[in-house]
1. Only one of (1) farther than 20 Å from V209 by Cα; (2) surrounded by fewer than 19 Cβ atoms within 10 Å (Cβ to Cβ); (3) assigned by TED's automatic domain parsing to the domain that holds E243 fails for E119. Which number is that?
2. Any chance the stretch 150-162 includes a residue that's within 16 Å of ligand 2 (Cβ to nearest atom) and either surrounded by fewer than 18 Cβ atoms within 10 Å (Cβ to Cβ) or under 9 Å from V117 (Cβ atoms) (or both)?
3. Could you check R126 against (1) within 15 Å of Q166 (Cα to Cα); (2) modelled with pLDDT under 95; (3) assigned to a helix (DSSP H, G or I); (4) not hydroxyl-bearing (S, T, Y) and say which number it fails?
4. Among all residue pairs at least 6 apart or on different chains, which show Cβ distances below 6 Å where the first residue, located in the stretch 24-40, is closer than 11 Å to T71 by Cα and at pLDDT 95 or above and the second is surrounded by fewer than 12 Cβ atoms within 10 Å (Cβ to Cβ) and of a type outside the set (S, T, N, Q)?
5. In the stretch 35-70, which residue that is part of a loop (DSSP other than H, G, I, E, B) and away from ligand 2 (no atom under 16 Å from the Cβ) is nearest to E185 (Cα to Cα)?
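The values are calculated or read from the model by the stated rules, or taken from the named source; none is laboratory data. Remember, predicted model here, so these are calculated numbers, not experimental data. A quick note on method: Cβ atoms are made from the backbone with ideal geometry, for glycine too, and the neighbour counts reach across all protein chains shown.
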Amino acid sequence: MVANPSVLFPEQAATQASEPSHSSRLLAVDRVSLEYRTRERVVRATHDVSFDVYGGDRFVLLGPSGCGKSTLLKAVGGFIKPASGTITLDGETVREPGADRIVVFQEFDQLPPWKTVLENIAFPLRAAKKLSRAEAKERAQHYLDKVGLAQFADAYPHTLSGGMKQRVAIARALAMQPRVLLMDEPFAALDALTRRKMQEELLRLWEEVRFTLLFVTHSIEEALIVGSRILLLSPHPGRVRAELNSHQYTQDSLGRSDFQQRVAQIHRLLFEETESAR
Ligand code: ADP
Ligand code: MG
């Protein structure tokens with residue numbers, strides 16, 4: 001029998017401010033159910049999901065395929081309206097997409113191929129923030145440098161590897177200086193080694209820039225490494241199973257037995273029926 005998650009992961013997980021940058025509540029998802037309605041039927045993607053994201057969090061939504069992670073991210077992005085419940089950012093109800101929430105996707109083709117790397121980053125700045133051409137270019141160069149691709153400013157996306165394209169996508173998103181950076185399995189299409197490298201780089205970037213991250217993955221290891229807090233979602237339709245702290249894990253934890261035990265524990269919580277899941 002599996003114990004109640006709140007016993008395995010006591011309340012400290014949800015409430016304790018673990019780093020100085022964890023300050024005010026930025027994003028509040030409150031009892032949100034999300035549905036897709038077609039003419040024939042209604043598909044419930046998530047049921048009654050609640051969580052809070054604080055400034056500087058690396059908040060991870062973790063759950064099996066089809067549990068509604070992408071749908072939740074789209075709702076936070078303002079692309080889908082909740083069937084019930086509310087989503088607020090800085091106290092304001094989210095009703096539509098906005099430059100305060102930028103999404104990085106899994107796909108490598110999210111960069112327009114006819115623009116150079118620098119233009120790809122500068123263009124949304126020009127479009128949304130009304131920066132001058134020179135200011136947009138300067139901001140774009142700054143973030144390109146941050147992801148280690150300064151020398152690829154004039155390259156076109158098709159000449160870059162998958163990992164490099166994802167770096168450009170991250171630079172483009174960060175350059176917009178969103179309140180929350182949303183990432184939907186951004187490294188899932190990369191080979192294993194590149195994926196690890198990208199996780200490391202994301203953490204290094206976070207140390208430097210201290211953005212607030214809402215990150216979706218179905219990989220338990222990735223969630224533990226990337227996240228400072230993790231929300232575990234049940235299989236379809238997604239409900240909250242538990243919330244836990246994970247800021248103590250890094251790439252170096254991978255081989256350690258306490259890390260592997262935590263992975264096994266989360267696996268049980270995700271896939272076994274528990275009292276709290278009924
Ligand atoms: P995840 O990202 O966790 O894999 P999704 O959010 O993509 O899950 O999907 C959650 C559920 O909603 C799944 O059952 C999926 O089949 C369903 N779903 C996703 N997109 C649509 C859609 N456009 N129309 C109908 N059902 C959808
Ligand atoms: Mg998804």
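1. So E119 meets the others, but not (3).
2. No, the conditions are met nowhere in the stretch 150-162.
3. Only one criterion in (1) within 15 Å of Q166 (Cα to Cα); (2) modelled with pLDDT under 95; (3) assigned to a helix (DSSP H, G or I); (4) not hydroxyl-bearing (S, T, Y) is unmet by R126, namely (1).
4. Pairs found: E35/V42.
5. In this case the residue turns out to be D57.
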